[in-house]
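Only one structure is covered here, and it is reproduced in the block below.
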Amino acid sequence: MLRTFTESVMHKRHHSPGYHPIQKLKIILKGLRIAVISDFSVAYKLALSIPVLILSFMFRQWIDVTLVLLATGMMLTAELFNSAIEILCDFVEQSENTRIGIIKDIAAAAAGISIIVWAATLILEGSHLWQLHKI
């Protein structure tokens with residue numbers, strides 16, 4: 001008997017009872033690793049955020065740590081969604097398509113807004129940490 005996709009997913013869910021946080025964490029880390037390896041823009045943004053996070057933590061600037069974490073998380077989420085949407089669009093339609101182009105442009109705009117907020121946050125927090133270092 002052939003099953004539909006939904007039936008097979010529901011069947012699979014019923015045969016693996018319980019919540020598996022370790023498995024979910026592995027999937028999250030796998031996706032993040034793929035994004036960092038395949039997309040330089042994700043890698044360098046993480047590389048810029050980590051020192052600011054470490055310095056904020058060292059100076060015990062908890063609000064700064066929180067702001068940088070939130071801005072970096074928002075930027076990373078938008079970048080990952082943008083990449084996933086672009087890959088999915090390219091998979092669905094290999095030839096030039098105006099509607100696919102619009103979809104990609106909207107996804108890129110969302111990522112761009114998050115990058116602006118992230119960059120402003122890093123600049124402001126970096127400036128704040130520089131002032132703390134000078135004291």
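Values quoted throughout were computed directly from the atomic coordinates according to the rules given, and no laboratory measurement underlies them. Quantities reported herein were computed from a predicted structural model and do not represent experimental measurements. Glycine gets a Cβ as well: all are built from the backbone with ideal geometry, and neighbour counts include every protein chain shown.
Observations, loosely collected:
- Packing-based exposure ordering (other Cβ within 10 Å, fewest first) of Ser56, Ser127, Ser41: Ser127, Ser41, Ser56
- Under Karplus coefficients 6.51, -1.76 and 1.60, residue-wise ³J(HN,Hα) of the range 27-32 in Hz, glycine/proline x: 5, 4, 5, 5, x, 5
- Count, lysine Cα pairs under 25 Å in the chain, 8 or more residues apart or across chains: 8
- Across the options Ile123, Pro21, Ala109, the greatest Cα extent toward the positive end of the charge dipole of the chain (unit charges at beta carbon of Lys, Arg, Asp, Glu) belongs to Pro21.
- Label assignment, Cα Rg over 2.2 N^0.38 Å derived from the structure, set (1) 1.06; (2) 1.01; (3) 1.40: (3)
- Helix 98-134 and the longest principal axis of the Cα set of the chain meet at an angle near 30°.
- GNM remark for the chain: springs join alpha carbons under 10 Å apart, and the peak mean-square fluctuation among Lys45, Lys26, Lys104 falls on Lys26.
- Degrees between helix 40-58 axis and first principal axis of the chain (Cα, 0 to 90, nearest 10): 40
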